[in-house]
1. All but one of (1) outside any helix (DSSP H, G or I); (2) crowded, with 17+ Cβ neighbours inside 10 Å; (3) of a type in the set (A, V, I, L, M); (4) at pLDDT 95 or above hold for A:A393; which doesn't?
2. Which residues, taken from the stretch B:143-179, are modelled with pLDDT under 95 and either buried (at least 22 other Cβ atoms within 10 Å of the Cβ) or more than 22 Å from A:T274 (Cβ to Cβ) (or both)?
3. Across the stretch A:184-205, what is the total count of residues that are over 11 Å from the mean Cα position of the chain (by Cα) and within 23 Å of B:A278 (Cα to Cα)?
4. Considering every residue within the stretch A:403-425, establish whether at least one is within 30 Å of B:G227 (Cα to Cα) and either touching a strand residue (DSSP E or B) at 6+ places or on another chain (Cβ under 7 Å) or surrounded by 24 or more Cβ atoms within 10 Å (Cβ to Cβ) (or both).
5. Which one is nearest to B:F119 (Cα to Cα) among residues in the stretch A:221-245 that are touching a residue at least 60 places away in the same chain (Cβ under 8 Å) and at the interface with chain B (Cβ under 7 Å from one of its Cβ atoms)?
6. Please specify each residue of the stretch A:190-238 satisfying the condition of being polar (S, T, N, Q) and surrounded by fewer than 24 Cβ atoms within 10 Å (Cβ to Cβ).
7. Can you confirm whether A:T216 is hydroxyl-bearing (S, T, Y) and more than 10 Å from chain B (Cβ to nearest Cβ)?
Protein chains: 2
Amino acid sequence: MKRLSRLAAGLLLIAAVPAAAAAADADATIRQIVAEPSYRAASAALDSGHDQWVNDIVAITQIASPPFKEQTRAKAFAEMLRKRGLDPTIDEEGNVLALRKGTESGPVAVVSAHMDTVFPEGTDVTVKRDGNRLHAPGVGDDSTGLATMLALIDAMNTGKVQTRSPILFVGTVGEEGLGDLRGVRYLFTKGAYNGKIGAFFSLDGGDLASMTTGGTGSKRYKVTFKGPGGHSYGAFGIVNPMAALAQTVTDLYRIKVPADPKTTYSASVVGGGTSVNAIPAEVWLEVDMRSASADELAKLEKQFLAIVPKAVAAENAARSTAPGKISAELKPIGDRPAGRTDPDADIIRFADAAYRAEGLSVKKNTSSTDSNIPMSLGIPAVTMSRIAESGRAHAPDEWIDVSKAPNLKLKRILLSTILATAGLE
Amino acid sequence: MKRLSRLAAGLLLIAAVPAAAAAADADATIRQIVAEPSYRAASAALDSGHDQWVNDIVAITQIASPPFKEQTRAKAFAEMLRKRGLDPTIDEEGNVLALRKGTESGPVAVVSAHMDTVFPEGTDVTVKRDGNRLHAPGVGDDSTGLATMLALIDAMNTGKVQTRSPILFVGTVGEEGLGDLRGVRYLFTKGAYNGKIGAFFSLDGGDLASMTTGGTGSKRYKVTFKGPGGHSYGAFGIVNPMAALAQTVTDLYRIKVPADPKTTYSASVVGGGTSVNAIPAEVWLEVDMRSASADELAKLEKQFLAIVPKAVAAENAARSTAPGKISAELKPIGDRPAGRTDPDADIIRFADAAYRAEGLSVKKNTSSTDSNIPMSLGIPAVTMSRIAESGRAHAPDEWIDVSKAPNLKLKRILLSTILATAGLE
């Protein structure tokens, strides 16, 4: 069949086509793809593979994958790719990469999901099933992304789908928290495919009705408050770094941020002190700030950076500093670039058309995902959903709904969008 | 020689002797003791044993003894007692006990120091010497108490001192923090000498000029704040237990407490949260409250117990509780009884007289020490100093001054007070 699409709006200049005409082109491309026998066979495989997909979700979720400790899951995921006829490698950062060849050897389209979860070692990751709901920490985010990727590979293999551009399947490390996008950052700046990626998909959303086309910027700090410390009774009256920390959190939570562009903050992790009968010498706090707007993020960061010394000064004024003063050290622990894929980029037009082909429309949002990095580099990227319905990501009671019909819709949408972007031969 | 004193003001009714006459009696008793050849030989041994005492301080300090992990130090301390001709045992709670027989088999006089420090496992406890100053976490509190006890035993052995009442030398566990006086509590309520102790000395002060005759009461809580938790960006706007914790600390540090009776509080240890990009589901705080007055302590506790639910309610009002509310669980983790030894008790009169015999006077204070337990039971008890000069107890830069002259004075005072109380034959 003729080439249905061209990869890499980010590599080629976008033609100045009126928006309506471009959308009609994209609809035509998707219609042609879904009519192809290879797509129909792949789509049928998605249907017959539903139980396998659920089993893969459970298996992957139950391989704990704490921050910076993704190795066990990475090895297992590589083995799952190998069983699907691919030849995976693990790069120096820990990402799992497996290339599915195209008929051409040009830029690759990346389809990725992240392997890390937010949950620390020792978290019980046993999946509990209640009807169509699966419950476990990390069951959705992003264990299901990996399983959905496997389902797409199975479908493409069954349908003997051939793409023009190679597709690089990637399980990334370090998407969450202090990982600071280290996996995808390595992929785009140091890895073997650095400079060779024309389009990027991350399967990392939890709602059929939405997709991420903008990258939320974030700034993260670990603030360590230090003081002289001392005996809780004998030294009473001296400054306490905990009081400065508390005032910092209290003041942070008084900041009003705009709902649009969405701007947020979180006092997330705290620790310090040695004994109940000692005024602590050191306590620390990790804070996360995000915004869809680089300006709003800078504004929020500025307010936060003013709150900390103010809280420190207030504590030094409130109590005795005879044995020593309170000080605060601000260490940046995260800095994710904001970014945005051009709304007229092929990758977004194809996704919109793929949704329309299933009788749905999709809302675009801005979030912090692996796509931030390509977006910030001007490479077309979207983060699409891994599951049609889910909730409570990052909480111990995270859940997903594995009902067949909506999830088949989603997987067909993902498949046709990816094939349109990579080009179906 | 005739019996110089009678043990156990707590066991016998105190005679209604006018204060001045009683003080004169005590001065006479001390004068007689210090004139005895056995005391003079013991006193000379304190002088010649000065370097051994310093060596013992260093050796004991360098055996780390974290809360609830005193076993290594206990075994070493028992061995040190054995080398001094005693036959130590370790009781079920972990206390080291060694009896030095008296000429009578009645109630015993306890001379004790505590073996635990406030410092966690892994703390560098290497002693650094700078002239007469020794620096190390725990070097004074109460490693030196144990070494001073050994110096007194050496002196009594060298002087062939015989007491009427047996003296029970004890290294206690769990004096600090969450230990909640578990060692001394066991000694007085369950141990083999339960009901047989007539007087109690704790060597656990850091200043020649003062001694503890009142027991500060304390109340300690671990407060666990729980909430729904969630994604720091996706779930922004929901309640954060960290904000309730911070408000609790901020409000606690606004409480005004009396300087006399000394009343104190400390927000001491904090923890919680799992990842910088997750609103925490659980954070916790340990708080210490103390007072020399049971009434003031009750008043402070009441204020604190009102602050916690107010902070929780404020957070539940400030942000969305759709996925769940903030709650707080208050767990008591310490409850030390207040107590006081009668100012006219023999043990205090003898200590005063022993100070006067060295040309010094001693200030009485109230503190939380192992003596709280006997004081609360009506058994005469004092906590006397382990060292003449020291500072920064419970802080990483704790120090003691091992200058010979003032510390010899102190040890002579301790020796004569103990011998007057136990009765020198």
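1. For A:A393, the failing item is (4).
2. B:E176, B:G177, B:G179
3. Within the stretch A:184-205, residues that are over 11 Å from the mean Cα position of the chain (by Cα) and within 23 Å of B:A278 (Cα to Cα) number 1.
4. no
5. Per the criteria, the residue is A:G230.
6. Those that are polar (S, T, N, Q) and surrounded by fewer than 24 Cβ atoms within 10 Å (Cβ to Cβ): A:N194, A:S210, A:T224.
7. Criteria not met by A:T216.
Residue by residue, here is whether (1) on the phi > 0 side of the Ramachandran plot; (2) basic (K, R); (3) touching an Asp or Glu at 6+ places or on another chain (Cβ under 8 Å) holds:
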| residue | (1), (2), (3) |
| --- | --- |
| A:A322 | no, no, no |
| A:K325 | no, yes, no |
| A:I333 | no, no, yes |
| A:R336 | no, yes, yes |
| A:D344 | no, no, no |
| A:D370 | no, no, yes |
| A:S385 | no, no, yes |
| A:I400 | no, no, yes |
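The values are calculated or read from the model by the stated rules, or taken from the named source; none is laboratory data. Nothing here was measured: the structure is a model prediction, and the numbers come from that model. Here the Cβ is made from the backbone with ideal geometry for all residues, glycine too, and neighbour counts use every protein chain on show.
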